[in-house]
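The values are calculated or read from the model by the stated rules, or taken from the named source; none is laboratory data. Just so it is clear, the model here is predicted, and its values are computed rather than measured. Here the Cβ positions follow ideal geometry from the backbone for every residue, glycine too, while neighbour counts run over all protein chains shown. Heads up: the accessible areas ignore ligands, DNA and RNA and are worked out on the full protein's heavy atoms, side chains in. Shrake-Rupley method; radii C 1.70, N 1.55, O 1.52, S 1.80 Å.
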Amino acid sequence: MTQPASLPLQHQIALVTGASSGIGYGVAEALAAAGATVVINYNREAEPAEKLAQAIRDKGGEALAVQADVSQEADVQRMFKAVIEKYGTLHILVSNSGIQQDAAFLDMTVEQWHKVIGVNLTGQFLCMREAAREFVRRGPQPDISRATGKIICMSSVHEVIPWAGHVNYAASKGGLMLLMKSVAQELAPKGIRVNSIGPGAIATPINLEARDTPQEEKDLLKLIPYGRIGEPADIGKVAVWLASDESDYVTGHTLFADGGMLLYPGFVGNG
Ligand code: NAD
């Protein structure tokens, strides 16, 4: 069955973690608009997650909000069980939840270190593993998608750009790069595609403090050759493509959506 171009994710079940705000929210909206049934994970913010689920249903789609702390194995397993009980299986995981707890390296506490690694890296491991287990259990469904399952990790330009004052975050995203690639290598023979999205600066609550004065916004724009801060919808479109059969031969890659941040604009004019 070839899916209509406007609904490339029809008949597919997608789980988006951390979808009560920011990029995850935008990704959940985009996947729903592409025809997927969307499970909206949240940790603490039930209200926006439930409202988003309702908004998707109001537009004729299907959605469910499920609470889970992605850094906790029991929570993640309970969430996947709820998804499979309700919808029978899962086709797409967008493992998006992430946090920052910034501190100068000399002042960073081990709690700040563990907290960020727990959500941004262990959380990715736990969600990817449960998704892969379900894809393998269910097996191929070629009428629905060429791949047996698709995993998309939300990484960052900081999987390659070092970030002083944020070493826990940069370490989590650098670690995620080889987690994603190693899982992609291991699961490709099972028909499972694993990729990451590496956003640059996207306007969401996570970076509000870094762009809430005109001067801060101007400084941030100096890092973005394309001249604008990104929006969650920019990432939603990339997620739809990576989840669809349009990208069927793509696995083990990070697709950077960053307005050119990785072009190192500081070197224009010879640095
Ligand atoms: P955000 O703060 O709006 O979203 C983070 C989401 O993760 C929230 O919905 C939050 O509830 C959820 N979350 C936090 N801890 C959780 C936990 N323990 N269990 C489940 N969910 C949890 O910020 P965002 O910018 O939308 O971030 C989303 C992802 O994008 C993160 O992985 C972040 O590192 C990445 N990212 C963001 C940017 C950017 O500029 N905004 C750039 C690069 C990467």
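Brief remarks on what is shown
- Yes/no for Cys153 being open to solvent by less than 20 Å² (accessible area, probe 1.4 Å), in contact with a strand residue (DSSP E or B) (Cβ under 7 Å, 6 or more places away or on another chain) and either under 22 Å from Asn207 (Cα atoms) or of a type in the set (Lys, Arg) (or both): yes
- Residue match in segment 103-114 (condition: closer than 17 Å to Thr17 by Cα and either out of contact with any His (no Cβ under 6 Å at 6 or more places or on another chain) or in contact (Cβ under 8 Å) with a residue 24 or more places away in the chain (or both)): no
- Segment 5-33, subset in contact with a strand residue (DSSP E or B) (Cβ under 9 Å, 6 or more places away or on another chain) and assigned to a loop (DSSP other than H, G, I, E, B), residue nearest to Ile229 (Cα to Cα): Ser21
- One residue stands out among those in segment 204-222 that are under 22 Å from the mean Cα position of the chain (by Cα) and over 20 Å from Pro265 (Cα atoms): the one that is most open to solvent (accessible area, probe 1.4 Å), which is Glu209.
- Restricting segment 114-173 to residues that are of a type in the set (Phe, Trp, Tyr) and assigned to a helix (DSSP H, G or I), the residue that is nearest to Ala103 (Cα to Cα): Tyr169
- Selection from segment 208-251 of residues that are in contact (Cβ under 8 Å) with a residue 60 or more places away in the chain and either polar (S, T, N, Q) or away from the ligand (no atom under 13 Å from the Cβ) (or both): Lys237, Val240, Leu242, Ala243, Ser244, Asp245, Glu246, Asp248, Thr251
- Restricting segment 34-48 to residues that are open to solvent by 10 Å² or more (accessible area, probe 1.4 Å) and in a loop (DSSP other than H, G, I, E, B), the residue that is nearest to Asp245 (Cα to Cα): Gly35
- Whichever residue in segment 174-199 is touching a residue at least 60 places away in the same chain (Cβ under 8 Å) and part of a helix (DSSP H, G or I) and, among such residues, is farthest from Ser247 (Cα to Cα): Met177
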